[in-house]
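Here's the structure we're looking at; comments come further down.
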Amino acid sequence: MQMYNIFAARARGSSHALSLTRLLITMKLCIALMLIAVFQVKATAYGQNATIQARNVSLVWIFEELKKQTDYDFLYAFDDLSGSKPLTVNFKNAPITKILDAVFANQPLSYRIKKSMVLVTRKHLQAPIATVTQDSTRQIMGTVTDETGNPLSGASVSIQGGAGNGTYTDQSGRFSLTVPANSSLVVSYVGFETKTVPTDQRTTYGIALVEEPSVLEEVVVVGYSTQTKKEITGSVAIVDVEDMKNVPAGSAEQMLQGRASGLNITTSGSPGSASNIRIRGITSFGNNSPLVIIDGVQGELTDINSNDIESIQVLKDAGAAAIYGVRGSNGVIVVTTKKGKAGAAKITYDGYYGIQTPPSGNVYNLLNTQEMAEVTWKAFINSGQVDANGNPSHVQYGNGPTPVIPDYILVGTNTGVVGSLTEEQLASYNVDYSRGDIYQIIPANKEGTDWFHEIFKPAPIQSHTVSASSAGNKSSYFFSAGYFNQQGTMIDSYLKRYSVRANTSFNIKDNIRVGENLYLFTRDNPSAYTGVQNTSDTGNPLMLSFMMQPIIPVFDLMGNYAGTRARGLGQSPSPYAVAQRNGGYHNSSWTAQGNIFAEIDFLKHFNFRTSFGGFVRSGNTNNFLRRTYEDAENNSINTYNEGSSYTQQWTFTNTLQYNQKFGRHQVKVLAGLEAVENTGRTLGGSSAGYFSDDPSFLTLSSGSGNFTNRSSMSEYTLYSQFGKVDYNFDEKYIVGVTLRRDGSSRFSEQNRWGMFPAFSAGWRASEERFMEGVSWLDNLMIRGSWGILGNQLNVDPSNAYTQYNSTVGGSLNSYYDIGGTGSSPLQGFRLSRIGNLATGWEEDRLSNIGLDMTVLNSKLDLSVEYYQKRINGLLFEDQSPATAGGASLPTVNIGNIENKGVDFNANYHGTAGELTFDLGLNVTRYRSRVVDLPNTYFDTGTTRTGNFVRNQVGHPVGAFFGYQVERLFRDADDVANSPAQDAAAPGRFKYADITGDNQISTADRTFIGDPNPDFTYGLNMNASYKQFGLTMFFYGSQGNDAVNYQRWWTDFFPSLQGVKSKDLLYNSWRPDNLDAKTPIIENQSNFSNNAVPNSYYIEDASFLKLKNIMLSYTFGGNQLTRLGINQLRVYLQVANLFTITKYTGLDPELGGTESAFGIDYGNYPNNQRNYNLGVSFTF
C-alpha cells in the first residue's frame, strides 16, 4: 500500500511591509519616475502565476515553493519521486502550467491538474515506434553531458518534427533511439539550452548541453554562510573558475589575474614566487594582502591545486567583508573546494605538458665586444682621458687611436694579452685554493657573449591531477592527487609540488551532518631568486645579465667559470655562475591544512555549525656559498647556512543561523564566536671554512669557524564575536546589518577590543509592478553599503612592549668592561625596542554603491560600482627622536590614505545556430591619495642614484619623484642662457626650473610619474561549435608608469664598467646629433647625467597581453563508450602569445613593496611564451 502525503494550502501573506527608510523610498521614487517616462507600464494580475528561480533543487522543494505562491496542493507517492532528478529552474511570473510542463518534461513522472490539486504519477515510457518505413530508419545511441562531461540523467531526446516518441537518458546519460534518415535530434534538459543535432552516418553521438544563463539564483559562498546572487547587497565578484584554470601557472593567485573587477594582481614568471594581491588599490604602506578563506578556514592561494577549486568569490566592501572583522580589512577571497556530486563514482584526469620559451633576440639592446671597445674609446676621448698624443688607454684594449680586441682577457695576472700561450702558462692554470694561488686563463669572446640567453633557456612545465568523487544519500567524497613541475627558464630554478586532497561528508541523520576537508602538499623550490626584486641588489642573476661585459666568456680555457677577475671589465659576478650556484639553495616545506565540521538542523528554521581547522607548516632551507675564483671580488672562504621553521594556526568557529520566511518577509540571522591562534618558531645557524666543497660533508658542525646561531618565536591570538541580520521583503527590499567585536593580542589591554559595524541595503527595482511591461529587463538592483573595519596586519605582536637584549660586539655592543681590565667584559643589556601601549586599531571606513542589471533573457548582465575607502589612524612606524639610539621604533597610529574607484563588469551569452559564445569584460579603476603623514612625506624606492619614490600628502601612493628632464643641453649657448645647474654642459640633462628662481636645486624636484594605473581590465572570450571550443583571455593595464632602472646601467658609461646599450653608441648626443635619445658618451658621473633620480628613466608601462589562447576538441562516440570513458577533451594552448607595450624593458608588469612599486631592477619576466598540449577525461 502506497503512502500519500497531502500538503495543506497556505494562504499567501497579505500584510504590508513596514515603512522603509527615507533613503530607500527616495531611491524607489526616483527610479520609478524615470522608468515611467521611458516605458509603457502595464498592470497585470498575478493570478495563478509564480516566480521560481533556483539551481539543483529537488521536486519536493519546487512543490513547496509553488504551493506558497499559488492555491494548488500536490498529491504524490514518495516512492514515485525516488528516481527524480535535481533541477535548475528560472521562471519569472510564469503560469503554473508552463512551469510544470518544463519541470516534468525530463522526469520519469507526469502530472494532471484536478481543481486545486496537482496529481503526480509515474510515467511509463514506451519503446520508440517508427512512423516511417523500416528501410528508412536506423538505430543510434549516444551520451548527453554538460559542458564539463558530467552525464545528464533524464534528458529528453526526441526527433525534430515529431517522428517517433523519443526517449530519455539513463543514469549514465546514455540513450538509444530509432531515427529516420536525414532527421535531427532535439535534446533538452531543464536548466540547459535545447540543442538540435542533425544525424548523419554516425551511429554514436556525444552531445554536450550548455547551461542556461541564470545568474540570479547562483548560490554564492559569503561570510560563514551562502546567499543567492540576487540577495547580495554587498560588493562580491564571482570568478569563473573554469576560465581561470585555462591559464597555465603554478598558483591560483597567478590564474586570478584579470578575472574579477577590483582585484589587482602583479605576478612574476619565476617558479614559486608570490604575487602582489590587492583588492581595490593600496591603503597601507605595509601589508595590503587580502584574507584568503578556504573551506571556512584561513589559507593561501599560492599552493592550492587549482583543479580542486569549485568556486571563488571576492568580497570587496564592508557589506560583504565586515563579517570577517579585522581579518577582512583588505578584502576577502573565499575559496570553496570540490565536493562529491550525486551519481555514480567518477574518475577524472586533467593534465598538460608544455614548453616555456624566453624572449628571443637582443632583449636589452646591448653592444657586442667590438662595439663595447668603440664606446669605451669615445667615452675616454669625450672626457679628455687621453695621453699626449690624444689616444685613450685601457688595460684590455691597449693604447692607440683605435681599440684592439685581445686574444685573452686574463692569463694569470696579465690582462689584454695578444698572441698564443706558452706551455708554462698552460701548466700554471689553477682555480683550487688548496693548491695555491689562483691562475686563470680566460680567452676573449670576440663576438660577444649573450648573457641573457646563457642563463635563460626553454624549459618544460607540466601538471597532472587525478580525482575521484561521488555522493549518495548518506555520504559524499572527493579525493584528488596532484603533481606540478615547472622548470624555470632561468637555469637551475624550478618548483615541484605534490598534493593530496580528501573532502568527505556524512549524513548521520537527515538533520545531522559531519565532514572534513584536508589538503596535504609538499613543495621544493630551490631557487634563491624570488623573481620580484625590490632593491638594487646586484646579486640578481637577471640584473647581472645586463651588467656583464660581452668580451667575457661563460667559461675559461679549462671549462671553469669565467668572470671579472680580468681587470678593466667591472666588478660584477658572472650571472651564469650565480644562477647555477643558486640552484644549490634548497628550500622545501610540507603543509597540512583543512578542517573538521559538524552541523545540525533543528526546530525547522535553525542551523548550528561548528568547525575546527587551520594549518601546520614545516620548512627547511640550506645554502652552501662556495669559494669563488672568477670574480673581481671573490669569496676565498666557503660558508654553509641552514634553517628550519615551524608554524601552526588553528581556527575554532561556531555559528548559529536562523532562516524563516513569513509570507513576503524573510529573515536570516547569523551569530557566531571565533578564536584564532598562530604560533611559530625558527631555528638556524651557519659556519664557514669547510675543507671541501663536496655537499656530502655539509653539516653545521663540519665547518672550522665563524659559527653563528639564531632563533625566533612568535605568537598572537584573536577572539571574535559577530552577528548579522538580513531582512528581505517581497524579494524587493533587502537590508543587512553586521556587527563584529574583535580582541587581538597584538594590542595592549587598553586598546585590545574593537567594535566594527556595517550596513547594506538593496532594492530590486525589476520586481516592482510598474516594471512588468519591461520585457527585456530581467533584473535591476540598486545597492549600497557602509561600514568600519579594523586592521591589525601591520603591527608586530610584541609592539606594545619595551624590550632589551644582549649583543656582542659592533656599534650595539652591550658587554661592558666594568672592572677596567680591558679583557673581562661583563654581560649587559641594551634597549632594543621601544614599546607603545597606546597603539590601537587602524580604522578603515568603506562605502560602496552599485547597480546590477540583467537583460535580454539573461543574456547580458552588467554591474557597476563606485567605492571609497578611507583610513584613519594608519599603522605606521613612529618617527625617530634624537634620543632613540639603536632601538627599533614602535608602530603607532599616524597617517591617513584614501582610495576611490569604480569597478565594472559585463558578461554576454550568445548563440548563433550551433555556435555558442560568451564574452566577459571587467574593468578596475582606483585613485589612491595620501591624506595625512607625519612630516608630510617619506622617501623610498632605493637605487644607486637615490630614492625614486616619495609618498607625500596630496599625492598617490608610490609616486615617482625627481628632476624633470626638459631635454639635453644643445650647446654652450644653451647652457649659458639656462638656469644655473651643477655640472651643466652640452649633451647633458637640462632640468626644469620648477620654482622659477633661475637655479636648479633640490627644491626643483617634482613628481615625475605614477605607477598606479588609470585602469586595469580583463577580457575573456569563449566559443564552442559542435565539439570544438576556442578560448581567449586578454589582460591589460593602462596609464601606469615605470622606472626602467636598467637604463642607469646601460645608457651611462660611468655607471660602473658593465656592458652598454646600442642607444649610447649610436643615438647619443653629438654636435651633429642635438636631438639625441641618450646623453653624451662620457666617463664622468655628475648631477647632470646619472647621479640623481630624474624623468629620463620614466616610461609608459601600459600593456595588453594575450594571456591565453586555447583550441579544444571534445570526443564522443562508440569507441569511448566501449572504453568506459564518458568524456575526452584535448587542447592546444599558447600562453602569453604577445604583449603590446611601449615599455623598453623585458616586461612592463612590475611588482614591488606597498610603498614603492613599478621599479624595474631586473624583474623576472611574466610574459614568456608557453606552448602546451593538454588532455582531460572522465570515466
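The values are calculated or read from the model by the stated rules, or taken from the named source; none is laboratory data. Since we're looking at a predicted model, the values are computed, not measured. A quick note on method: Cβ atoms are made from the backbone with ideal geometry, for glycine too, and the neighbour counts reach across all protein chains shown.
Overview of results
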read-out: Residue, nearest to VAL1134 (Cα to Cα), within the stretch 445-471, restricted to residues that are under 30 Å from the mean Cα position of the chain (by Cα) and of a type in the set (Val, Ile, Thr); value: ILE461
read-out: Selection within the stretch 433-461 - in a loop (DSSP other than H, G, I, E, B), touching a residue at least 24 places away in the same chain (Cβ under 8 Å) and surrounded by fewer than 17 Cβ atoms within 10 Å (Cβ to Cβ); value: LYS446, GLU447, LYS457, PRO458
read-out: The stretch 1024-1065, residues that are modelled with pLDDT of 95 or more and out of contact with any helix residue (DSSP H, G or I) (no Cβ under 9 Å at 6 or more places or on another chain); value: LEU1030, MET1032, PHE1034, TYR1035, GLY1036, SER1037, GLN1038, GLY1039, ASN1040, ASP1041
read-out: Residue within the stretch 795-803 that is more than 42 Å from the chain's Cα centre (by Cα) and surrounded by 17 or more Cβ atoms within 10 Å (Cβ to Cβ) present; value: no
read-out: Residues within the stretch 1134-1158 that are in contact (Cβ under 8 Å) with a residue 40 or more places away in the chain and within 20 Å of the chain's Cα centre (by Cα), tallied; value: 13
read-out: Residue in the stretch 331-353 that is in a loop (DSSP other than H, G, I, E, B), in contact with a strand residue (DSSP E or B) (Cβ under 6 Å, 6 or more places away or on another chain) and under 30 Å from ARG746 (Cβ atoms) present; value: yes
read-out: Residues (touching a helix residue (DSSP H, G or I) at 6+ places or on another chain (Cβ under 8 Å) and hydrophobic (A, V, I, L, M, F, W, C)) located in the stretch 242-273; value: MET244, VAL247, ALA249, ALA252, MET255, LEU256, ILE265
read-out: Output for the stretch 586-628, where each listed residue is within 30 Å of SER499 (Cβ to Cβ) and either assigned to a loop (DSSP other than H, G, I, E, B) or hydrophobic (A, V, I, L, M, F, W, C) (or both); value: TRP590, ALA592, ILE596, PHE597, ALA598, PHE612, PHE615, VAL616, PHE624
read-out: ALA237 vs. criteria among the aliphatic types (A, V, I, L, M), assigned to a loop (DSSP other than H, G, I, E, B) and buried (at least 24 other Cβ atoms within 10 Å of the Cβ); value: no
read-out: Whichever residue in the stretch 629-686 is among the acidic types (Asp, Glu) and in a strand (DSSP E or B) and, among such residues, is surrounded by the fewest Cβ atoms within 10 Å (Cβ to Cβ); value: GLU677
read-out: Residues that are in contact (Cβ under 8 Å) with a residue 60 or more places away in the chain and either under 42 Å from the mean Cα position of the chain (by Cα) or surrounded by fewer than 16 Cβ atoms within 10 Å (Cβ to Cβ) (or both), drawn from the stretch 971-989; value: ASP971, ASP982, ALA983, PHE989
read-out: In the stretch 1065-1123, the residues that are of a type in the set (D, E, K, R) and either touching a Cys at 6+ places or on another chain (Cβ under 6 Å) or under 30 Å from LYS378 (Cα atoms) (or both); value: ARG1070, ASP1072, ASP1075, LYS1077, GLU1082, GLU1099
read-out: In the stretch 361-412, residue farthest from SER545 (Cα to Cα) [restricted to those that are within 49 Å of the chain's Cα centre (by Cα), of a type in the set (Gly, Ala, Ser) and not in a loop (DSSP other than H, G, I, E, B)]; value: ALA379
read-out: Test set (1) at pLDDT 95 or above; (2) buried (at least 23 other Cβ atoms within 10 Å of the Cβ) - GLN1133 fails condition number; value: (2)
read-out: Filter result for TYR1096 (assigned to a helix (DSSP H, G or I), in contact (Cβ under 8 Å) with a residue 24 or more places away in the chain and over 29 Å from ASN288 (Cβ atoms)); value: yes
read-out: The listed residue being in contact with a Gly (Cβ under 6 Å, 6 or more places away or on another chain) and either crowded, with 16+ Cβ neighbours inside 10 Å or of a type in the set (D, E, K, R) (or both), out of VAL363, VAL326, VAL332; value: VAL326
read-out: Set ASP903, ASP844: member being touching an Asp or Glu at 6+ places or on another chain (Cβ under 9 Å) and either under 30 Å from ASN751 (Cβ atoms) or of a type in the set (Asp, Glu) (or both); value: ASP903
read-out: Unique residue being within 30 Å of ALA675 (Cβ to Cβ) and not small (Gly, Ala, Ser) when the list is THR337, THR357, THR348; value: THR337
read-out: Single residue of the stretch 593-628 satisfying the filter (surrounded by fewer than 16 Cβ atoms within 10 Å (Cβ to Cβ) and under 26 Å from the mean Cα position of the chain (by Cα)) that is nearest to GLN298 (Cα to Cα); value: VAL616
read-out: Tally of residues being in contact with a Leu (Cβ under 8 Å, 6 or more places away or on another chain), outside the structural domain of GLY286 (by TED's automatic domain parsing) and hydroxyl-bearing (Ser, Thr, Tyr) across the stretch 323-359; value: 2
read-out: SER775 vs. criteria over 30 Å from ASP932 (Cβ atoms) and of a type in the set (Ser, Thr, Tyr); value: yes
read-out: Which listed residue, of SER214, SER235, SER225, is modelled with pLDDT under 80, at negative phi and of a type in the set (Gly, Ala, Ser); value: SER214
read-out: Candidates SER847, SER863, SER858 - the one that is closer than 22 Å to ARG783 by Cβ, in contact with a His (Cβ under 8 Å, 6 or more places away or on another chain) and small (Gly, Ala, Ser); value: SER858
read-out: Residue tally, condition farther than 17 Å from ARG845 by Cβ, of a type in the set (A, V, I, L, M, F, W, C) and surrounded by 17 or more Cβ atoms within 10 Å (Cβ to Cβ), over the stretch 862-876; value: 1
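Each row is one residue, and each column tells you yes or no for (1) touching a Gly at 6+ places or on another chain (Cβ under 6 Å); (2) aliphatic (A, V, I, L, M); (3) under 30 Å from PHE938 (Cα atoms); (4) in a helix (DSSP H, G or I).
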position: ASP1075; (1), (2), (3), (4): no, no, no, no
position: ASN1083; (1), (2), (3), (4): no, no, no, no
position: SER1112; (1), (2), (3), (4): yes, no, no, no
position: GLY1124; (1), (2), (3), (4): no, no, no, no
position: VAL1134; (1), (2), (3), (4): no, yes, no, no
position: TYR1143; (1), (2), (3), (4): no, no, yes, no
position: ASN1167; (1), (2), (3), (4): no, no, no, no
